[in-house]
Amino acid sequence: MFGSGGKSAGVCWLAAVTIIMLARANAGATEFRFDRDTIAFANQTVFEYHEGHPSLRKPSTVRRDAYKRHCFVLCRTAMQFKKFARFDARSAPLDDASLAVRIRLVTHRDPWADPLPEDQRIVFPGYNDLREMSKARRELVQKSIGHGWPSYFRISNMRMVFQQSGTYQKETHDRLNAALARGQVFVVFLTTYPRLSINHSVLIYKQNGFSPNPGLERYLVYDPNHPESPRELNWSPHTRTFSFQKDWDFVGGFVRVYQVYGKPLQ
């Protein structure tokens, strides 16, 4: 139907359409950056930990230290802002009431939904990114992103009782790699049930290469308890188990990993 010139024009036209479609599909799918896309303030644990062993925390008179039980909320919020928000540092910041409304417009969207195109995203003027905004408007952000207590009653938490096998963990590992390959983040619930050494949520955002010995796959995570720098989660293909980095609130080592916010009721 086409001559050689027509064929060339047709190929160019199809290539242009393909590029446009890919650009739309990947709108907002820029790489997750810890220094930009995480929240500046910390979630405080309910208990104090000494070498990973919990004890009752002494009451604090400092109001900002009372922000507890929000690890799931903070991971979900970081995921939602990455998918549905954009920032415009050139414009003036919003007043408290207007900013609270916009934050809720983001956090009331389903976290498993596809990212919004850039021109449909909810705009936050006056700041370069989520980290800067959450540092400058700390208490307002805390009040606007939701309560922490519902995370204790999530239906999907029951998986820690019924789905403990290495096979299930291998399936979770495969879903994790597939999500990262698509440029997505992966929010998880970490537990050592029936032990209570960890009961926590983190956001996995990047593969950090392989450890030469014993061949572990390493992942960088945003841990809401430690907003100062990334932490590391590892996967062992040999034992089909995950392990989490040692710190003041966890003895380190074995954890079970369960995806959350990947679909409804998860």
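The values are calculated or read from the model by the stated rules, or taken from the named source; none is laboratory data. Being a predicted model, the structure only gives us computed values, none of them experimental. Using ideal geometry, Cβ is built from the backbone for each residue, glycine included, and neighbour counts are taken over all protein chains shown. We work out accessible area using only protein heavy atoms, side chains counted, and drop any ligands, DNA or RNA first. Shrake-Rupley method; radii C 1.70, N 1.55, O 1.52, S 1.80 Å.
Would you rank 112, 235 by solvent-accessible area, highest first, keeping every protein chain in place and using a 1.4 Å probe?
On the way: 112 85, 235 5 Å².
Order by accessible area, largest first: 112, 235.
Taking a 1.4 Å probe, which of 210, 34, 124 shows the most accessible area, and what order do the others take after it? Present the calculation step by step, with values, prior to reporting the outcome.
Details: 210 130, 34 25, 124 0 Å².
Largest accessible area first, the list is 210, 34, 124.
Carbon and sulfur together cover what percent of the accessible area of the stretch 197-266 at a 1.4 Å probe radius? Spell out each step's value before the answer.
Values: 1600 of 2990 Å².
That share works out to 54 percent.
How much accessible area per residue does the stretch 135-266 have, counting only protein heavy atoms and a probe of 1.4 Å, in square angstrom? Provide the component values of the computation, followed by the final result.
Values: 6470 Å² over 132 residues.
For the stretch 135-266, the solvent-accessible area averages 49 Å² per residue.
On the accessible surface of the stretch 83-128, probed at 1.4 Å, how many percent belong to carbon and sulfur atoms? Provide the component values of the computation, followed by the final result.
Working: 1220 of 2640 Å².
Carbon and sulfur together cover 46 percent of it.
Show me the GluC sites (Glu not before Pro) within the stretch 193-266 that DSSP assigns to loop and that have at most 12 other Cβ atoms within 10 Å of their Cβ.
Working: sites: 217, 228, 232; in loops: 228.
Qualifying residues, ordered by number: 228.
Which sequence of 135, 206, 263 reflects their accessible areas, 1.4 Å probe, from the largest down? Could you put the intermediate results ahead of the total?
Working: 135 160, 206 90, 263 115 Å².
Largest accessible area first, the residues go 135, 263, 206.
Through the Karplus equation 6.51 cos²θ - 1.76 cosθ + 1.60, θ set to phi - 60°, convert the phi angles of the stretch 206-215 into ³J(HN,Hα) values in whole Hz; use x for Gly and Pro.
For the stretch 206-215, the Karplus curve yields 6, 7, 10, x, 10, 7, x, 8, x, x Hz.
Not counting ligands, DNA or RNA, and with a 1.4 Å probe, what is residue 196's accessible surface area in Å² rounded to the nearest 10?
Here the accessible area works out near 140 Å².
For the stretch 153-266, what's the relative contact order in percent, using C-alpha pairs closer than 8 Å and at least 6 residues apart? Write out the running numbers ahead of the final one.
On the way: 197 pairs, mean separation 31.3, N = 114.
Contact order relative to length: 27 percent.
Once you put a point 7 Å from the Cα of residue 149 and another 7 Å from the Cα of residue 177, both along the Cβ direction, what distance in nm separates them?
4.2 nm
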